[in-house]
Amino acid sequence: MAILEAIELVKRFGPVLAVDGLSFEVGDGEVVGLLGLNGAGKSTTLHMLLGLITPDAGQVRVFGLDLARHRTEVLSQVNFAASYVDLPGPLLVHEVLDAFARLYAVRRPRARVAEMIELLELGPLRDRRMMDLSSGQRTRVQLAKALLNAPRLLVLDEPTANLDPDAGDRIRALLSRGSREGGGAMLITSHNMREVERMCDRIHFMAAGRIVATGTPAELAGHYGAEDLEEVFLKVARG
Ligand SMILES: Nc1ncnc2c1ncn2[C@@H]1O[C@H](COP(=O)(O)OP(=O)(O)OP(=O)(O)O)[C@@H](O)[C@H]1O
Ligand SMILES: [Mg+2]
């Protein structure tokens, strides 16, 4: 079953056609990557899929339900992390997570927060203010928040952009393990081709708001006669 269906999505910002008739699906348990140059329309697409902005045309279906009509029901089983989303600065790390756990009506919120603090190795930071954290530390809090409700669909916009290679590696392992162990589907964007190669079952390349190439990392490399995804990216991006 498709966990997520993007159907003919269109989004304009004034003269800019950011997303231009985009359709794709994410299957149950699947990890799908959206790639493309800066400005290709990846974040705009994610924001429509999350109901943060309204498409000019097209439809978003999540778990088989129309997002526009079943927003609350759908979004309770979805979550999102991005480095550009700010969590309340004056709050302590554990206060932020406590607040979201209650907002999400998570069962046994304190135990769940403790579990996420453990998972994201936030123990030493739990009593620090959000505003005092480094950007990589904030990213880990974002991910802890995004996993709190054990989402059936996890949407990540450049999840490891601020992380050092060691933290990035641990987070990728944690997310991949989570998805393999039945943790639901993931849709991610990234400019880190090794990350995408390692994590994604399937990839869509976007250019100017459209999908211009699709496949598994190996299929794409084969199709473009490329050594790796980095080379595929450059070939696709440079036409
Ligand atoms: N709120 C907005 N108002 C006006 N234009 C916007 C807005 N959001 C996005 N755009 C434009 O839409 C296009 C797509 O932007 P988007 O953020 O989706 O790209 P992206 O693929 O996520 O790029 P990046 O890799 O840099 O994150 C860009 O031309 C951008 O300038
Ligand atoms: Mg973006």
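Some observations on this one:
- Qualifying residues in the stretch 75-90 (those that are open to solvent by less than 30 Å² (accessible area, probe 1.4 Å) and touching a strand residue (DSSP E or B) at 6+ places or on another chain (Cβ under 8 Å)) - the one farthest from ligand 1 (Cβ to nearest atom): GLY89
- For THR72, the criteria (1) away from ligand 2 (no atom under 16 Å from the Cβ); (2) touching a residue at least 24 places away in the same chain (Cβ under 8 Å); (3) more than 24 Å from THR139 (Cβ to Cβ) hold in every case but one, which is (2).
- Failed criterion for VAL236 (all others in (1) buried (at least 19 other Cβ atoms within 10 Å of the Cβ); (2) farther than 21 Å from LYS42 by Cβ hold): (2)
- THR216 being under 20 Å from ASP157 (Cα atoms) and free of Cβ contacts under 8 Å to residues at least 24 places away in the same chain: yes
Condition check ((1) surrounded by fewer than 21 Cβ atoms within 10 Å (Cβ to Cβ); (2) touching a helix residue (DSSP H, G or I) at 6+ places or on another chain (Cβ under 6 Å)) across all residues:
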{"residue": "MET116", "(1), (2)": "no, yes"}
{"residue": "LEU119", "(1), (2)": "yes, no"}
{"residue": "ARG126", "(1), (2)": "yes, yes"}
{"residue": "MET131", "(1), (2)": "yes, no"}
{"residue": "SER135", "(1), (2)": "yes, no"}
{"residue": "THR139", "(1), (2)": "no, no"}
{"residue": "LEU156", "(1), (2)": "no, no"}
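- Applying the criterion of being away from ligand 1 (no atom under 16 Å from the Cβ) and assigned to a helix (DSSP H, G or I) to the residues of the stretch 42-74, the residue that is least open to solvent (accessible area, probe 1.4 Å) is VAL74.
The values are calculated or read from the model by the stated rules, or taken from the named source; none is laboratory data. Keep in mind that this is a model prediction, so the values were computed, not measured. So basically every Cβ, Gly included, is an ideal-geometry build from the backbone, and we count neighbours across all protein chains shown. Note: accessible area is taken over every heavy atom of the protein model, side chains too, but ligands, DNA and RNA are not part of it. Shrake-Rupley method; radii C 1.70, N 1.55, O 1.52, S 1.80 Å.
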